[in-house]
Amino acid sequence: MRRPGARTGAGDGPRCSRAVRIGAVRVGGGAPVSIQTMAKADPRDTERIVRQLRAARAAGCDIARVAVPDLTAARSISRIRERTGLPIVADVHFDHRLAIEAARCGADGLRVNPGNLGGPRAVRAVAEAARAAGIPIRVGVNAGSLPKRAGRPVAASVSAVVRAALDMANEFFRCEFFELKVSLKAFDVPLTIAANRAFAAASDLPIHLGLTEAGPPLSGAVRSAAALAPLLLEGIGDTVRISLSGSPAEEVRAARTLLVCLGLRKGGAVVSCPTCGRTSAEVVPVARRVEHFLEESGLSLVVAVMGCEVNGPGEARAADVGIAFGPRGRGLLFEGGVVVESAPNRELERLLMCRLRQAAEARHG
Ligand code: SF4
């Protein structure tokens with residue numbers, strides 16, 4: 001029998017990882033790529049955490065992580081779980097006893113860092129607690145906090161990151177614990193890509209993709225997309241988090257947008273032109289309002305908002321529905337590739353939103 005975690009036939013085709021369950025969410029084994037985020041409030045402020053995670057859930061979050069720096073945080077997990085309806089992963093550093101308490105207090109999964117969990121005894125104790133609770137563990141390797149070797153810090157490199165992940169996974173295997181997933185994160189994009197590729201070739205454990213600290217929303221989302229997109233297109237990555245200096249809901253929206261762009265998740269998209277000197281109306285605010293509506297409604301439509309009739313009609317025709325503002329104050333409304341109406345520019349947004357609301361009502365019955 002194949003040893004759990006070892007990959008056979010690496011490079012022979014699309015990667016098929018093993019599956020673990022985090023609450024009701026299946027991760028790996030061909031399941032859809034799930035979206036994660038992390039609460040960003042004082043662990044003692046349960047109300048604020050619940051508010052953040054409810055917003056994240058409304059934005060499409062599948063799994064949430066909370067920091068567990070003390071026993072109070074560990075013991076608040078079941079309340080957060082009940083009030084958000086999300087599976088909760090306890091994020092533990094330095095003190096393995098907190099992981100044990102979190103498992104006992106209803107966490108749906110644990111995240112531990114090989115760089116600071118402790119030695120084999122700590123690993124065994126955490127494995128026993130997770131086994132008793134029936135929950136998986138994520139081995140979360142960060143390039144900036146790799147386990148020391150012979151008491152010395154280890155410089156970040158592809159081989160060091162992969163080795164840290166494999167070493168700790170093997171430590172859990174020695175405890176007969178196999179419900180693992182792994183993350184190999186760095187700030188550096190090429191390092192993150194190379195490390196995840198190397199790990200995926202060596203192991204069939206499910207992989208959580210992300211960067212350690214991507215940055216503020218715009219640059220962070222771009223940086224994350226640069227790292228995650230090539231991997232996801234190669235079939236590497238079973239769950240993702242886009243770590244931003246922003247709210248959990250922003251992280252989820254960024255991750256969802258990435259998955260929709262890559263064809264890995266259904267969702268709406270706005271095709272809006274960049275605008276230029278030929279723009280006949282205020283494209284940008286209209287496009288923003290349409291995007292907001294798609295997010296709120298969950299409609300999986302491609303909607304075009306084009307600034308003129310030079311490229312507008314062609315692009316708008318490829319969309320499910322769209323508008324192209326026109327010169328001399330009149331533009332066009334398209335639906336299913338067909339011009340359905342010519343109307344004053346100032347009326348186009350209202351006509352478009354009317355159709356989107358009808359589609360949303362039909363969707364929600
Ligand atoms: S669609 Fe028209 S307004 Fe928009 S960028 Fe293209 S040419 Fe300019």
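Most simply put, the stretch 269-364 has about 55% antiparallel DSSP beta bridges, counting only bridges with both residues inside it. For the stretch 60-80, the residues whose backbone nitrogen is under 16 Å from a point 7 Å from the Cα of Arg44, taken along Cα to Cβ, are 67-77. For the chain, a simple Cβ point-charge model (Lys and Arg +1, Asp and Glu -1, everything else neutral) yields a dipole of about 780 debye relative to the Cα centre.
The Ala318 and Glu82 beta-carbon pair, evaluated with R₀ = 30 Å, returns a calculated FRET efficiency of approximately 0.10. Length gained on full extension, Asn170 to Leu233, computed as 0.36 nm times the residue gap minus the Cα-Cα distance: 19.9 nm. DSSP beta bridges confined to the chain are antiparallel in about 30 percent of cases. Taking the average, over residues, of other Cβ atoms within 10 Å as the packing measure, peptides 22-32, 129-139 rank 129-139, 22-32 from highest down.
Note that the chain carries a Kirkwood radius of 22.0 Å, evaluated over its alpha carbons pair by pair. For Lys40, a cut-off of 20 angstrom between C-alpha atoms picks up these lysines, skipping any fewer than 8 places away in its own chain: Lys185.
The share of accessible area on the stretch 1-154 that comes from carbon and sulfur is 50 percent, using a 1.4 angstrom probe.
In this structure, Arg330 and Glu282 have a Cβ-Cβ separation that, at R0 = 22 Å, corresponds to a calculated FRET efficiency of about 0.90. What nm value, rounded to one decimal, do you get for the distance between His364 and Leu218 when each label is placed 7 Å out toward the C-beta? The modelled label-to-label distance comes out at 3.2 nm.
Take the Cα of Lys266, step 7 Å toward its Cβ, do the same at Phe94, and the gap between the two points is 4.6 nm.
Here the spin labels are modelled as points 7 Å beyond Cα on the Cα-Cβ line, and at Ala226 and Val310 they lie 3.0 nm apart. A convex hull fitted around the alpha carbon atoms of the stretch 249-319 yields 91 Å³ per residue. Applying 0.36 nm per residue to the separation of Arg289 and Glu347 and subtracting their alpha-carbon distance, the gain on full extension is 19.4 nm. Annotation: amide H of Val321 within the under-5 Å range of Val302, Ala304, Gly336, sequence separation 5 or more or interchain, hydrogens built in the peptide plane. Computed per residue of the chain from DSSP H runs no shorter than four, each worth -39500 (n - 2.57), the mean residue ellipticity at 222 nm is -13500 deg cm²/dmol.
The values are calculated or read from the model by the stated rules, or taken from the named source; none is laboratory data. What you see is a predicted model; the values in this text were computed from it and never measured. Cβ atoms come from the backbone with ideal geometry, glycine included; neighbour counts cover every protein chain shown. Protein only, heavy atoms only, side chains kept; ligands, DNA and RNA dropped before computing areas. Shrake-Rupley method; radii C 1.70, N 1.55, O 1.52, S 1.80 Å.
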